[in-house]
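K.L.:
Once you've had a glance at the structure underneath, I'll fire off some questions.
The values are calculated or read from the model by the stated rules, or taken from the named source; none is laboratory data. Just so it is clear, the model here is predicted, and its values are computed rather than measured. Cβ: placed from backbone, ideal geometry, glycine included. Neighbour counts: every protein chain shown. Side chains included, ligands, DNA and RNA excluded: accessible areas come from the protein's heavy atoms. Shrake-Rupley method; radii C 1.70, N 1.55, O 1.52, S 1.80 Å.
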Amino acid sequence: MINLTEEAIEKIKSELTDDQIMQLVYLLQKDKLVELKELARKKCKTKFVNVMRRYVNKFFKDLENDKEFKRPETVNLLNQTRKTLKNVYKFIKNKEVVDANSLLRSAFENLIMGMMINESEDTYKEFINLSIDDTTRQYTKPQKLRNDFRKVLRKLDGDLFIDMNSRDLKDFLDEFYDKMCLFTHSTILVNAMIEIEKDDDLDIYVVALKQNTYFVELLLYLCLKYLCNYKKDPIDITYLLLGWYVLISDVSKEKITPEKMKKLNKLLYADFNKEYLEKNKENVDFLTEEAKKLQEDIQKNPTGFVELLTTLVK
């Protein structure tokens, strides 16, 4: 980190504009911000991720030892979700966005099915019927499962969905699932990711994928907590929010320029898919704008961010 005397700083200030002074302060604090961000990343892992996974292991052990638990199939499907998520993280590490999304969809499907066969006898009867097909299927259709899963989400601890009405919750689950399907099936989006990967521009998509994967893992934790009727709350929500900051801050401004968004639109045949892209533009814009805004806010007030992070990582 750069060290200057007060006298030297005052002399520099007298010769610079306000914007230049702001940039100077940012440069002076930049090393400290990087250091604190890495401390925040470690803190999130120890206080949130590791705690969540430790309790997931505990809940599985409790369920497997519970001879009165009525659905061992539920435990097995949720355990498969856990195993699949581990492989998703491996793909994320290597920036294999397409394969990671395909596996994440599988993990999400197993999670929902696992919970619904525990909650609904009709769903369970269809689940164990190997002769059932799409013409006779009723309770295990993907849309029906997601619709019924809303009732489970209302029962989960954590109040994540308490402010969402039934329709919004349906739209949220459908959109989350449909986005992963675009990567699973041979769509133009798969082609776009391959082209973007050639220029090493997948950062924003990796961040979105990480967020989605942590979301499914958090759902797994909450579902297991519900099944075990565990009333304590070992996770501090502060570190969930801090983790979001760390993820977003991993995207540099250079990765979210208008030129790069223009390239994506070209790869997705924007003129032909105008209706679909306009419908989903708000979600894409939100993530890119949040990443840009965070970088700008840090540059405007680096000292404030240093103080905030210092407090949170203590």
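K.L.:
Hey, which of these cross-link pairs are over 28 Å Cα-Cα: Lys45/Lys67; Lys125/Lys210; Lys45/Lys141; Lys42/Lys90?
P.N.:
Cα-Cα > 28 Å for Lys45/Lys67; Lys125/Lys210; Lys45/Lys141; rest within.
K.L.:
Using a 1.4 Å probe on the protein heavy atoms, what percent of the accessible area of the range 173-229 belongs to carbon and sulfur?
P.N.:
The value for the range 173-229 is 52 percent carbon and sulfur by accessible area.
K.L.:
Here's a follow-up. Calculate the FRET efficiency for Glu38 and Cys181 from the Cβ-Cβ distance with a Förster distance of 25 Å, rounded to the nearest 0.05.
P.N.:
0.10
K.L.:
If I take R0 = 25 Å and measure r between the Cβ atoms of Thr46 and Lys86 in this structure, what FRET efficiency does the formula 1/(1 + (r/R0)^6) give, to the nearest 0.05?
P.N.:
0.85
K.L.:
I would also like to ask the following. Can you compute the equivalent ellipsoid semi-axes for the range 75-119, i.e. the square root of 5 times each eigenvalue of the Cα gyration tensor, sorted largest first and rounded to whole Å?
P.N.:
Equivalent ellipsoid semi-axes, largest first: 23, 9, 5 Å.
K.L.:
Determine the shape class of the range 98-157: with a ≥ b ≥ c the square roots of the Cα gyration tensor eigenvalues, call it rounded for a/c under 1.5, and otherwise prolate if a/b is greater than b/c, oblate otherwise.
P.N.:
Because a/c hits 1.5 or more and a/b fails to exceed b/c, the range 98-157 counts as oblate.
K.L.:
Name the trypsin sites (Lys or Arg not before Pro) in the range 82-150 that are in a loop by DSSP and that have at most 14 other C-beta atoms within 10 Å, would you?
P.N.:
Those that pass, being in a loop and sparsely packed, are Arg137.
K.L.:
Now a separate question. Using only Cα atoms, figure out Rg for the range 46-131 and give it as a multiple of 2.2 N^0.38 Å.
P.N.:
For the range 46-131, the normalised Cα radius of gyration is 1.24.
K.L.:
Could you derive backbone 3J(HN,Hα) for the range 45-55 from the dihedral phi with the Karplus parameters 6.51, -1.76 and 1.60 (θ = phi - 60°), listing whole Hz in sequence and x where the residue is Gly or Pro?
P.N.:
In residue order, the calculated couplings are 5, 6, 8, 10, 4, 5, 5, 4, 5, 5, 6 Hz.
K.L.:
Now for a separate question. For Glu197 and Asp236 in one chain, what is 0.36 nm times their gap in residues minus the Cα-Cα distance, to one decimal in nm?
P.N.:
Extra length available between Glu197 and Asp236 comes to 10.5 nm.
K.L.:
Kindly report the accessible area of the range 71-229 per residue (heavy atoms of protein chains, probe 1.4 Å, no ligands, DNA or RNA), in Å².
P.N.:
Averaged over the residues of the range 71-229, the accessible area is 48 Å².
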